[in-house]
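To start, the structure under review is shown below, and the notes come after it.
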Amino acid sequence: MLFAFCVSASAQQAKKAFRIGYLSSADPATDSPRAAAIRLALRELDYIEGQNIAIEYRYAEGRPDREPGLAAELVRLKVDIIVVPSGDATIRAAKNATKTIPIVMAGLGSDPVTAGHVESLARPGGNVTGITGLTTELGGKRLELLKEAVPKLSRVAVLYDPATPRSLHEVKEVLPADARALKLTIQPWEIRAADDFEKVFVALNKQRPDGLYVIYAGPLMRPYLKRIVGFALKSQLPSVYASREAVEAGGLMSYGADLVDSYRHVATYVDRILKGAKPADLPVEQPTKFELVINLKTAKEIDVTIPQKVLARADRVIR
């Protein structure tokens, strides 16, 4: 009887555990810091992996064609919720796979209304909600900060994947006007396949721009972040990015949403939905906290002196 009671109690305990699907366009190593940050944010809300939640991780490893199948797998597993820490294609794959399981965006896609993920930010209307980034809209601010850090800046190479809609929008619609206002010339360089990196790097070494603006959105760019940073260091190119992970890897500077704050918001959405809230009733939030991160070790290595007025505005300085 005691054994039967223990088995029954264990079964009841197991039923209390929620199953969370985690669908990423990247590979496990590249995505590891993000997954760990979201786990930590969930832990702060008393959701502990292996105790009251189980997380099913699925990684497309830079292959968009795998995403629909991975999303379908999570649906077959009957997860309670799907967290998508990736861009539009991955969000769309999850949305196409289910109209009922709640999907939480982690702020890496483009405008979710324009992309068709939600009806409006205030009233999402379906099974998708979460946070949206302002990555594209902050393009001008990044260029401005790069110029303040490197006053001699004149020509800036922009590295991007044209297959990623928000990257294309930033290069074609946002950056040109911002560059003109700052009296800068931008030189877009497309990365359509992994083999393109070396070709572009060789061309950049010949043209010698004054700086490098990297849009590493999408499954093609993210896995090669360290390679891009390594090229910028070797070529002594001041580089700017959207998030601090690039600066921690050796990039010069970044300006974007505070990722720790963003992941806390993701965890909050998960918490509210698991407690019964419907995605359709949870407004999509935009980031409110931003951070400027500067790597002084990199500045020294590429022989750049960051003006004190720029350093004074930094939220974090890597020395």
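The values are calculated or read from the model by the stated rules, or taken from the named source; none is laboratory data. Note that the structure is a prediction, hence the values are computed from the model and not measured. Here the Cβ positions follow ideal geometry from the backbone for every residue, glycine too, while neighbour counts run over all protein chains shown. Protein only, heavy atoms only, side chains kept; ligands, DNA and RNA dropped before computing areas. Shrake-Rupley method; radii C 1.70, N 1.55, O 1.52, S 1.80 Å.
By accessible area of protein heavy atoms, probe 1.4 Å, what ranking do H117, H169 get, highest first?
Numbers: H117 10, H169 90 Å².
If we order H117, H169 from most to least accessible, we get H169, H117.
In a Gaussian network model over the chain where Cα atoms closer than 10 Å are linked, find which of A71, A37, A246 has the largest mean-square fluctuation. Maximum among the listed residues: A37.
Give me the angle, in degrees from 0 to 90, between the Cα long axis of helix 259-274 and the longest principal axis of the Cα atoms of the chain, rounded to the nearest 10. Tilt of helix 259-274: around 20 degrees.
Solvent-accessible surface of the range 7-160, taken per residue with a 1.4 Å probe and all protein chains present: 43 Å².
If each DSSP helix of 4+ residues adds -39,500 (n - 2.57) and the sum is divided by the residues in the chain, what number results at 222 nm, nearest 500 deg cm²/dmol? Mind showing how you got there, number by number?
Values: 13 runs with 126 residues, N = 319.
Dividing the helical sum by the residues of the chain leaves -11500 deg cm²/dmol.
Full extension from K172 to D46: what is 0.36 nm times the residue separation minus their Cα-Cα distance, to one decimal in nm?
Numbers: separation 126, 0.36 × 126 = 45.36 nm, distance 4.39 nm.
The K172-D46 span can extend by a further 41.0 nm.
Of the solvent-accessible surface of the range 236-296, computed with a 1.4 Å probe over protein heavy atoms with every protein chain present, carbon and sulfur atoms account for 46 percent.
Which angle from 0 to 90°, rounded to the nearest 10, does the C-alpha axis of helix 225-234 make with the longest principal axis of the chain? Once rounded, one gets 20 degrees.
With everything on Cα atoms, drop me the angle between helix 28-43 and the longest principal axis of the chain, reported from 0 to 90° to the nearest 10. That helix lies at roughly 60 degrees to the long axis.
By a straight-distance test (C-alpha under 23 Å), which lysines pair with K297 as possible cross-link partners, with residues fewer than eight away in the same chain excluded? Reachable lysines: K141, K147, K152, K226, K234, K309.
I want the antiparallel fraction of DSSP beta bridges within the chain, as a percent rounded to 5.
Of those bridges, close to 10 percent are antiparallel.
In the context of the full set of protein chains, residues of the range 184-278 present 40 Å² of accessible surface per residue (probe radius 1.4 Å, heavy atoms only).
Pop out the carbon and sulfur fraction of the accessible area of the range 86-145 as a percent, whole number, probe 1.4 Å.
Values: 1100 of 2130 Å².
So the carbon and sulfur contribution to the accessible surface is 52 percent.
Rounded to 0.05, the FRET efficiency of the E56 and R123 pair, given R0 = 30 Å and the Cβ-Cβ distance, is 0.55.
Is the shape of the range 120-219 rounded, prolate or oblate, going by the alpha carbon gyration tensor and its root eigenvalues a ≥ b ≥ c, with a/c under 1.5 for rounded and a/b larger than b/c for prolate?
Numbers: a/c = 2.90, a/b = 1.47, b/c = 1.97.
Verdict is oblate for the range 120-219.
Overall, the accessible surface of the range 180-227 at a probe of 1.4 angstrom is composed of carbon and sulfur to the extent of 51 percent. For I55, the residues whose modelled amide H falls within less than 5 Å of its own, excluding neighbours fewer than 5 places apart on the same chain, are I20, G50.
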